[in-house]
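The values are calculated or read from the model by the stated rules, or taken from the named source; none is laboratory data. Small disclaimer: the values here were computed from a predicted structure and weren't measured. As a convention, Cβ positions derive from the backbone with ideal geometry for all residues, glycine included, and neighbour counts pool all protein chains shown. Quick note on the areas: whole protein, heavy atoms, side chains included, nothing else; ligands and nucleic acids left out. Shrake-Rupley method; radii C 1.70, N 1.55, O 1.52, S 1.80 Å.
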Amino acid sequence: MNLPALIAPIVDDMKAVDAVIRERLNSEVVLIRTIGDYIIGAGGKRMRPAMVLMVARALGYEGTHHQLLAAVVEFIHTATLLHDDVVDESDLRRGRETANAVFGNAASVLVGDYLYSRSFEMMVEADSMRIMSILSEATTVIAEGEVLQLLNVHDPDVSQERYLQVVRYKTAKLFEAAAQVGAVLAGATPEQEAAAAYGRHVGTAFQLVDDVLDYSGDAAALGKNVGDDLREGKPTLPLIRVMEVGTPEQQQLIRDAIKTGDADFAAVAAAIQATDALEHARQAAEVEANRAREALSSYPVSPFLNSLLEFCAFAVNRDR
């Protein structure tokens, strides 16, 4: 199932979220509006805000705060992307130049700060200390994940456990928070708040498949430069797997590539293809997707639940 079909049950909510995003980006500072419009124009899957909306609707929520909080989640995500691209010195995302490539690093960092600040201003409007606690903790954990990833850069001795910790902090945490916010907003029972685990597992699967696509896709399909993580010295799961099961020559190739960020990409890709590295990462993503499905076992049957379950398959089977 493709993403438009997945979000069909919440298409009106998603339009309302887009309206909130545009309204709240309407700053008197021209550069903020300009960069905001540029980011919105770049598109994106909007899976995190969709998760807020879908979980809330799956539990019978009929208010409008889910739209506001979905926009908050998207603002937090966008802020992390702006800062990520500066740290990683990236120049391409979603098939377009990154904001820092177009507007400069200083503007990107400051607009990212603005989005964080705006998101906290907005979440106050939901008038829920529990929701504020969930989202504020998430921003802290995401920042910790960024620092952990920085510590792992150019370190060929990073284990799968250390890498997965970064994934859970840096990527999966906002998925987890998005799902939990939707549940709390709808007055979920403690059992139904297992949506938090659902989000965490879907987010982990999503990142693991990103790792696979970095070595099996093409830049046009992925909207980013194939092999970017390698060039940045990031030891992702396929690389870690080659160092576990590859020949001594393959292991040394990967070690040198991670240390320097400068290697023969074709040789690295060949080493990955010669082992079970990509299949290993995909299987790990499948395990996470199955755990996500199990977390929703107490949810009532509905089109919203069906889409949440299909999200699991989408996260694993997508090609971009």
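Among the residues of region 151-183, write down those that are over 22 Å from LEU308 (Cβ atoms) and either under 17 Å from the mean Cα position of the chain (by Cα) or aromatic (Phe, Trp, Tyr) (or both).
TYR163, LEU164, GLN165, VAL166, TYR169, LYS170
Go through region 270-287 and give me each residue that's under 18 Å from ASP319 (Cβ atoms) and among the acidic types (Asp, Glu).
Result: GLU279, GLU286.
Hey, among the residues in region 255-271 that are more than 11 Å from ASP155 (Cα to Cα) and open to solvent by less than 50 Å² (accessible area, probe 1.4 Å), which one's modelled with the lowest pLDDT?
ALA263
Pairs under 6 Å by beta carbon, first residue basic (Lys, Arg) in region 124-151, partner open to solvent by 20 Å² or more (accessible area, probe 1.4 Å) and part of a helix (DSSP H, G or I), six or more apart or different chains?
ARG130/VAL184
Every residue in region 120-143 that is under 15 Å from HIS65 (Cα atoms) and of a type in the set (Ser, Thr, Tyr), please.
SER128
Please enumerate the residues belonging to region 290-320 that are aromatic (Phe, Trp, Tyr), out of contact with any Lys or Arg (no Cβ under 7 Å at 6 or more places or on another chain), open to solvent by 10 Å² or more (accessible area, probe 1.4 Å) and not in a loop (DSSP other than H, G, I, E, B).
PHE314
Could you tell me whether VAL287 is open to solvent by less than 70 Å² (accessible area, probe 1.4 Å) and modelled with pLDDT of 95 or more?
yes
Evaluate the following for ARG162: is it modelled with pLDDT of 95 or more, in contact with a Phe, Trp or Tyr (Cβ under 8 Å, 6 or more places away or on another chain) and open to solvent by 30 Å² or more (accessible area, probe 1.4 Å)?
no
Failed condition for ILE240, given (1) touching a Ser or Thr at 6+ places or on another chain (Cβ under 8 Å); (2) exposed (fewer than 14 other Cβ atoms within 10 Å of the Cβ), with all others met?
(2)
Report the residue count in region 257-272 for those that are part of a helix (DSSP H, G or I) and touching a residue at least 12 places away in the same chain (Cβ under 8 Å).
Total satisfying the criteria: 10.
Hey, can you tell me all the residues within region 180-195 that are of a type outside the set (A, V, I, L, M, F, W, C) and open to solvent by 20 Å² or more (accessible area, probe 1.4 Å)?
Hits for region 180-195 are GLN180, GLY187, THR189, PRO190, GLU191, GLN192, GLU193.
Could you grab me the full set of residues in region 85-143 that are over 20 Å from the mean Cα position of the chain (by Cα), of a type in the set (A, V, I, L, M) and closer than 29 Å to GLY261 by Cα?
Residues satisfying the conditions are ALA101, VAL102, ALA106, ALA107, LEU110.
Do we have any residue at all in region 205-214 that's modelled with pLDDT under 90 and over 19 Å from the mean Cα position of the chain (by Cα)?
Within region 205-214, not a single residue is modelled with pLDDT under 90 and over 19 Å from the mean Cα position of the chain (by Cα).
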